[in-house]
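To keep things clear, I will list the structure first and then write my remarks on it.
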Amino acid sequence: MANNITIREVKKEDNLNLAKLIRKVFDEHNAPRQGTVYSDPTTDNLSALFSRSNSLLLVAEVEGQICGCCGVYPTEGLDKDTAELVKYYLHRDYRGMGIGRTLMEKCIEAAKSMGYKKLYIESMPEFSHAVRIYEKQGFRNISHPLGKSGHTSCSIWMIRDL
């Protein structure tokens, strides 16, 4: 993993940089903007979104620069024992260093400690590399969406027992 990495919870002053990072990753992969987190208004105020109980957004910084994020969120409509793994994004310059894996593993452990029994993920074919990472972490494909994320452009749904 990269030197000088810090992984911490989201702060209000991260909002602008996180929104830019997420949208930049979408642009890089030519992923749909509508019906995704790209156009979701909560993307511009993630610190407020993750102030909800039983949620967490971790931010990775290298030498003070935000390079990634990953979170756990009790998405509306999911079973009480299921949370969604959300906002898993990493700046292209920091991929392949173990930062993303560390973020995801910390979120999986946090979900367990919050009492969740399952983690759910939504994704898209444009993020096929991330989908392979989910598979390596024990997520399996399911045939339909769960919950009410509002992200209608997602066509890949996965779940993992904790």
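Please turn the phi angles of the range 46-60 into ³J(HN,Hα) values with the Karplus equation 6.51 cos²θ - 1.76 cosθ + 1.60 (θ = phi - 60°), one per residue in order, whole Hz, x for glycine and proline.
So the Karplus estimates, Gly and Pro as x, are 5, 4, 6, 4, 8, 7, 5, 5, 6, 9, 7, 10, 9, 10, 9 Hz.
With each pseudo-label sitting 7 Å past Cα toward Cβ, what's the K148-H129 distance in nm, one decimal?
3.5
For E76, put the label point 7 Å out on the Cα→Cβ axis and report which residues of the range 134-151 keep their amide N under 11 Å from it.
Correct set: 148-150.
Run the helix sum for the chain: -39,500 (n - 2.57) per DSSP H stretch of 4+ residues, divided by residue count, reported at 222 nm to the nearest 500 deg cm²/dmol. Kindly include the intermediate steps, with their values, before the conclusion.
Numbers: 4 runs with 42 residues, N = 162.
For the chain, the value works out to -7500 deg cm²/dmol.
Starting at the first residue of the range 77-86, write each ³J(HN,Hα) from the Karplus equation 6.51 cos²θ - 1.76 cosθ + 1.60 with θ = phi - 60°, in whole Hz, x for Gly and Pro.
Each residue of the range 77-86 in turn: x, 7, 4, 4, 8, 10, 10, 9, 7, 10 Hz.
Report ³J(HN,Hα) in whole Hz for each residue of the range 150-162, in order, from the Karplus equation J = 6.51 cos²θ - 1.76 cosθ + 1.60 where θ = phi - 60°; Gly and Pro get x.
Coupling constants for the range 150-162: x, 8, 6, 7, 6, 10, 10, 10, 9, 9, 9, 6, 9 Hz.
Hey, can you grab everything whose amide H is under 5 Å from the amide H of C67? Only 5+ residues off in sequence or another chain; H modelled, so Pro and N-termini drop out.
Excluding prolines and chain starts, which carry no amide H, the hits are A60, E61, V62.
State, to one decimal in nm, how far the label point of N45 lies from the label point of M114, with both points 7 Å from Cα in the Cβ direction.
So the label points at N45 and M114 sit 2.0 nm apart.
Given an 8 Å cut-off on Cα distances and at least 6 residues of separation, report the relative contact order of the range 54-144 as a percent. Mind dumping the intermediate values first?
On the way: 112 pairs, mean separation 22.9, N = 91.
Over the range 54-144, the number comes to 25 percent.
Please give, to one decimal in nm, the separation of the simple spin-label points placed at K136 and T6, each 7 Å out from Cα toward the Cβ.
For K136 paired with T6, the spin-label model returns 2.7 nm.
What's the exposure ranking of C69, C154, going from fewest to most Cβ atoms within 10 Å? Provide the component values of the computation, followed by the final result.
On the way: C69 27, C154 20.
The most exposed by this proxy come first: C154, C69.
For K12, give me every one of the lysines with a C-alpha distance below 26 angstrom, ignoring sequence neighbours fewer than eight places off in its own chain.
Correct list for K12: K20, K24, K87, K106, K112, K148.
No lab work stands behind these numbers, since they all come straight from the coordinates. Note that this is a predicted model, so its numbers are computed, not measured. Glycine gets a Cβ as well: all are built from the backbone with ideal geometry, and neighbour counts include every protein chain shown.
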